[in-house]
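All remarks here apply to the structure that follows.
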């Protein structure tokens, strides 16, 4: 159990750092959505299924979709 | 030299923070109110899910504020987007057959799942916010896969207004019957059955409709304008 959780936390950190250094904004949004998804899995492990559901639906799905729609309207690559 | 000083400063700050954090007993119950909710929650509210009994019953007024914040955000987004550009129809490429059929098959299942989550909010994990967000993600799927299908604005506005109105009217009825806002004036019933917990399921269904239609209309506005 502790190994799964530490693996997920490391993956989450990698995703967070990747989201901040990616030049391709769509990749950055997907990395941020991955952070949210792992956060929701961790919430489930911490016995908070209510928060996990909200995080998975809003953080991973809707926020990423809104960011991608905004990127389609503007520029895809950061200068 | 400056680098060494800054590293030393960082170490001192980190030591200070960690020493002061080590003094705090994390996880130890500090207040008596949490214990009270766990022990007496089912008896006082009739909801088997303690999180729901706190969100809708003990802290129902905060939930009303939260719903209002979401409502104002949706209104602001709609106002900004409709003010910046007029209605314009862009030709969209039709999706492939696999995507189209998959969306049409999955959409009703997602709707049923979201509805289940907010109707059973007082029994199982989840509730109005979670169910509404799941329903909105179903609408997102429809917008991405079947672009020519649209929900009607009137229906979504109606669902949103009715949801908010139900919440406030039930709160005012509590004021009329018992003397304070959002009083649980309906019979509690036996815990762990669908028709129990008084006003909690009604409020959560209202919140589910409201949040679902609000988030769906946010996505609708964004996709329409881009």
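Checked against (1) away from chain A (no Cβ under 14 Å); (2) within 16 Å of the chain's Cα centre (by Cα), residue B:191 meets all criteria but (2). For the stretch A:20-79, the set of residues classified as in a loop (DSSP other than H, G, I, E, B) and either farther than 21 Å from residue B:50 by Cα or away from chain B (no Cβ under 14 Å) (or both) consists of A:22, A:23, A:74, A:75, A:76, A:78, A:79, listed by residue number. Within the stretch B:21-43, residues that are without any contact (Cβ under 8 Å) to a residue 24 or more places away in the chain sit with their Cβ atoms under 8 Å from residues that are not in a helix (DSSP H, G or I), at 6+ positions apart or across chains, in these pairs: B:35/B:29; B:41/B:47.
If the condition is being farther than 22 Å from residue B:194 by Cβ, in a helix (DSSP H, G or I) and within 14 Å of chain A (Cβ to nearest Cβ), then the stretch B:38-60 contributes only B:38. Each residue in the stretch B:168-189 was checked for being outside any helix (DSSP H, G or I) and either in contact with a strand residue (DSSP E or B) (Cβ under 6 Å, 6 or more places away or on another chain) or farther than 18 Å from residue B:44 by Cα (or both), and 0 pass.
Residues of the stretch B:122-143 that are more than 9 Å from chain A (Cβ to nearest Cβ), crowded, with 24+ Cβ neighbours inside 10 Å and in a loop (DSSP other than H, G, I, E, B): B:122 alone. Somewhere in the stretch B:130-149, is a residue free of Cβ contacts under 8 Å to residues at least 24 places away in the same chain and under 15 Å from the mean Cα position of the chain (by Cα)? The answer is yes; a qualifying residue exists. Just to be sure before I move on: is residue B:201 under 16 Å from the mean Cα position of the chain (by Cα), more than 14 Å from chain A (Cβ to nearest Cβ), modelled with pLDDT of 85 or more and surrounded by 19 or more Cβ atoms within 10 Å (Cβ to Cβ) in the structure I sent? Yes, satisfied. Here residue B:165 clears all of (1) more than 14 Å from chain A (Cβ to nearest Cβ); (2) over 28 Å from residue B:51 (Cβ atoms); (3) in a helix (DSSP H, G or I) except the condition numbered (2). Tallying residues that are over 18 Å from residue A:60 (Cα atoms) and assigned to a helix (DSSP H, G or I) within the stretch B:144-158 yields 7.
When you look at residue B:192, is it surrounded by fewer than 19 Cβ atoms within 10 Å (Cβ to Cβ) and assigned to a loop (DSSP other than H, G, I, E, B), yes or no? Against the criterion (surrounded by fewer than 19 Cβ atoms within 10 Å (Cβ to Cβ) and assigned to a loop (DSSP other than H, G, I, E, B)), residue B:192 qualifies. Determine whether residue A:43 is in contact with a helix residue (DSSP H, G or I) (Cβ under 9 Å, 6 or more places away or on another chain), closer than 28 Å to residue B:212 by Cβ and surrounded by 15 or more Cβ atoms within 10 Å (Cβ to Cβ). Judged against the criteria, residue A:43 is a match. Given the criteria within 14 Å of chain A (Cβ to nearest Cβ) and either part of a helix (DSSP H, G or I) or within 27 Å of the chain's Cα centre (by Cα) (or both), does residue B:63 qualify? Yes: the conditions hold for residue B:63.
The values are calculated or read from the model by the stated rules, or taken from the named source; none is laboratory data. Please read these numbers as outputs of a predicted model, since none were measured by experiment. All Cβ positions, even for glycine, are placed from backbone atoms using ideal geometry, and neighbour counts span all protein chains on display.
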